[in-house]
Amino acid sequence: MKTVAESLIAEAAKSREAEAWVTRQLLAGRKPSEILADLRRAADPSRVIAAIGGDGPAGLTFACVLMFALPFALLGWVLPS
């Protein structure tokens, strides 16, 4: 089982932004366990994109909303009042 420090290092190694955020949190005096709890609560962008762009209900809903709103947005841009 990983320790809190190993888990935090693994999360920070995912990207430069994650590393910078974790570093700022540590410098601010937050406990590593609090930082990990925040990271676990945060939405994973890859999962959100997969849900929106997938073949499931969320993907279909997003496509319908986009296709409904697109003509209004384009007409408002092309034919300003």
With x for Gly and Pro, the residue-by-residue ³J(HN,Hα) of region 56-62, computed from phi through the Karplus equation 6.51 cos²θ - 1.76 cosθ + 1.60 at θ = phi - 60° and given in whole Hz, is x, x, 5, x, 5, 4, 4
So what J values fall out for region 29-40 if you push phi through Karplus, 6.51 cos²θ - 1.76 cosθ + 1.60 with θ = phi - 60°, rounded to Hz, Gly and Pro as x?
x, 6, 6, x, 5, 5, 5, 4, 4, 5, 5, 6
Taking the beta-carbon count within 10 Å as an exposure proxy, list Ile35, Ile9 from fewest neighbours to most.
Ile9, Ile35
Could you give each residue of region 16-26 its phi-based ³J(HN,Hα) in whole Hz, using Karplus coefficients 6.51, -1.76, 1.60 with θ = phi - 60°, and x for Gly or Pro?
5, 5, 5, 5, 5, 5, 4, 4, 4, 5, 5
Of Trp77, Trp21, how do they rank once you tally other Cβ atoms within 10 Å and put the fewest first?
Trp77, Trp21
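Every read-out reported here was derived from the displayed coordinates using simple, explicitly stated rules and does not represent laboratory data. Model, not experiment: these values are computed from the prediction. All Cβ positions, glycine included, derive from the backbone under ideal geometry; neighbour counts span all protein chains shown.
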